[in-house]
Amino acid sequence: MQIFFKCNGEWVHQNEHVSEESLDESSGLKVREVFINVTRQQVEDFHGPEDYWCQCVAWSHLGTSKSRKASVRIAYLRKNFEQDPQGREVPIEGMIVLHCRPPEGVPAAEVEWLKNEEPIDSEQDENIDTRADHNLIIRQARLSDSGNYTCMAANIVAKRRSLSATVVVYVDGSWEVWSEWSVCSPECEHLRIRECTAPPPRNGGKFCEGLSQESENCTDGLCILDKKPLHEIKPQRWSRRGIENASDIALYSGLGAAVVAVAVLVIGVTLYRRSHSDYGVDVIDSSALTGGFQTFNFKTVRQGNSLLLNPAMQPDLTVSRTYSGPICLQDPLDKELMTESSLFNPLSDIKVKVQSSFMVSLGVSERAEYHGKNHSGTFPHGNNRGFSTIHPRNKTPYIQNLSSLPTRTELRTTGVFGHLGGRLVMPNTGVSLLIPHGAIPEENSWEIYMSINQGEPSLQSDGSEVLLSPEVTCGPPDMLVTTPFALTIPHCADVSSEHWNIHLKKRTQQGKWEEVMSVEDESTSCYCLLDPFACHVLLDSFGTYALTGEPITDCAVKQLKVAVFGCMSCNSLDYNLRVYCVDNTPCAFQEVVSDERHQGGQLLEEPKLLHFKGNTFSLQISVLDIPPFLWRIKPFTACQEVPFSRVWSSNRQPLHCAFSLERYTPTTTQLSCKICIRQLKGHEQILQVQTSILESERETITFFAQEDSTFPAQTGPKAFKIPYSIRQRICATFDTPNAKGKDWQMLAQKNSINRNLSYFATQSSPSAVILNLWEARHQQDGDLDSLACALEEIGRTHTKLSNITEPQIDDADFNYGRQNGL
């Protein structure tokens, strides 16, 4: 009997065989075992249509027998998890799903879950399931399920640990039943109480809503004293009457003294205003416009969904509360005045008191004028901006838009494109349009335009949905393309599929908005690639598009850009600071820059990023560390508070708060202070102001860190980073299906395109569409490093892509590709 090995269709030399013989005790037959060694170098050097394989062939005078083929592959386990588990906060008895996608490896990694560094045995706990595609599922969360969870991946090569995910199981507290009514008190009232202990809140759960005690009259209005009705009680002694008269005298004396004190205070304030203002007696002090805190009694909506910000909902008039909150305007206003209506007439019916701890900013950087008793109001105006007023009947503060004010013209750019395609860029807005090569038929050309709506958005949010991007229009709408074009739209969401549900919407010809797709959905009509600051969309029809987001939890975060501008006031001793909080999109900030240039404002510090949570807590803006004896800020105006709903929906108009500082002497030219912008129970940012108020001495801070293309329209090959001939070779290589997976799907994966691959499968050249998406995604990059690394990794992991550098590529393109790593 002879045994030999054949590997990859070739016989292995006999000298490489190791043979052992033994005797089978049960049958008495001789058994021969043969071994060969296969080295890693042999496997790496082999390049064939399938994996390295071997089989053994045995024969004797009775015949021949062949074994099955055994494949030999290089084992590995990459370092990085394709998806780390993410922390969760869930209510008790809620479902917890922690996702884990282990690193790529051969053989495929086995996954094990750890809780607080201890292995989890799902067989011992029926409430836990770890079998579903490496995910950890806790069907009904218990308090004991809180902890740090880690995903462990291992194969024969190595073990890898994911990032730990913190799970918090919380309990919202609930009220116990009311206690019995207490006995009637001498004041003829009894009360009852209840406690928030059924169950009490734990691990950050919400406290009970409502009152913990109630009181009411216990005699139906007929108070009983000494067991007799009041009308039967008679005076007992004259001395008692004398005491009561003395008490009355003391009471009225105190009231009289208070009235005199108030009158003296009013006279003093009036004289102070006359001596420090140019307005006259009847004018409210400017601190009432830029910093006064106003308290109003009004009806509020019952507590419900904290993220439900639909302004169309009517308030529940059964609950009465006192609202003490500031109001910040949503944009600076010009000095030009409007006299069409009496905007401040409602103020005469409102009781206003000033408290020293807060203030309301009406966002008016210049002073308003009043004439006459009825104040036929005047107010600055310019672009279509919001201002604050008060409803005379319900006394409810609200924001009203002046429809009579002119709207800002939209940003717009155009370019003429033909068969070679090109790129259309809206400078400094983050919006761009990529027309691929061949998308327009030969001998045809179109004038393509792109615009951004800077007026009131036509997309009205429903329920908790918010607008996350500008409304971008591209056209002409009747133009047809043979290859999908790429539209890049900036957004302000802190991207997380666990906290946001993001949608792409399109406006119909009738003006209504319809959902095109959810970013996480599978679709063959379009494709959305969501990056941290922009969304790249592959489309085949022009129109008006926008991104909206629906927060799934109160951990959903909008990214805000905060910036401070300053300028001198008409009064030579005053200096105005304006702090903006706008959506973190380049076009939103460009609108602020445009307004400030119009008003003569200067950027005093580089803008910073603030993460604003959807947890219903308001935003506070404070001016700190003002140099004493050099500058002063008007009383009650050092801190301003903006309601949550105003910030969460601030994409409608730029939100800002204004502060007015005054120099003690004209010789003071340097200003240093800090601006603190913080969300209650959230994040904060500090803007450090260090500037000269003299324009000649001030250091200029650039508005944009990186300018977009100087030329909005680029046509032909110069608009693309990948040379056309190299692009053709890449498409020819990867469009052809490959048994080892070395095709367009791997090209997509190596370029971080991991979902909705069915969209590319419907295209005539999937690789070309993937490269178009790469072009749109990397328009700001200066080289081809990311694509070169992806191709290099594919070649190193599988087979060398020698045909990429064949001489069919143009010489110029070949040299360009070699210099850039291709």
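The values are calculated or read from the model by the stated rules, or taken from the named source; none is laboratory data. No experiment lies behind these values; they were computed from the predicted model shown. Cβ coordinates were reconstructed from backbone atoms using ideal geometry, including for glycine residues, and neighbour counts include every protein chain displayed. Ligands, DNA and RNA are stripped out before the accessible areas are found, and what is left, the full protein with its side chains, is counted by its heavy atoms. Shrake-Rupley method; radii C 1.70, N 1.55, O 1.52, S 1.80 Å.
Might you work out the accessible area of Lys634 for me, using a 1.4 Å probe with all protein chains in place, and round it to the nearest 10 Å²?
40
Using packing as a proxy for protection, rank 590-599, 423-432, 439-448 so that the peptide with the highest average count of other Cβ atoms within 10 Å comes first.
Highest to lowest by the protection proxy: 423-432, 590-599, 439-448.
What are the ³J(HN,Hα) couplings of the range 568-578, residue after residue, when phi is run through the Karplus curve with 6.51, -1.76, 1.60 and θ = phi - 60°? Round to Hz, x for glycine and proline.
6, 8, 4, 6, 5, 8, 9, 9, 9, 10, 10
Order of 261-268, 498-505, 73-80, 453-460 by packing, highest average Cβ count within 10 Å first?
In descending order of packing, they fall as 498-505, 453-460, 73-80, 261-268.
Can you compute the modelled spin-label distance between Asp121 and Ser215, with each label point 7 Å from Cα toward Cβ, in nm?
6.0
How much accessible surface area, in Å² rounded to 10, belongs to the heavy atoms of Phe35 with a 1.4 Å probe?
Around 90 Å² of this residue is reachable by solvent.
Rank by packing, highest mean first: peptides 726-734, 170-178, with packing defined as the count of other Cβ atoms within 10 Å averaged across residues.
Averaged packing, sorted descending, gives the order 726-734, 170-178.
Using a 1.4 Å probe on the protein heavy atoms only, what accessible surface does Trp59 show? Give it in Å² to the nearest 10.
For Trp59, the solvent-accessible surface is approximately 90 Å².
For the range 425-499, what does the relative contact order come out to in percent, with C-alpha contacts under 8 Å and a separation of six or more?
With pairs under 8 Å counted, the relative contact order is 45 percent.
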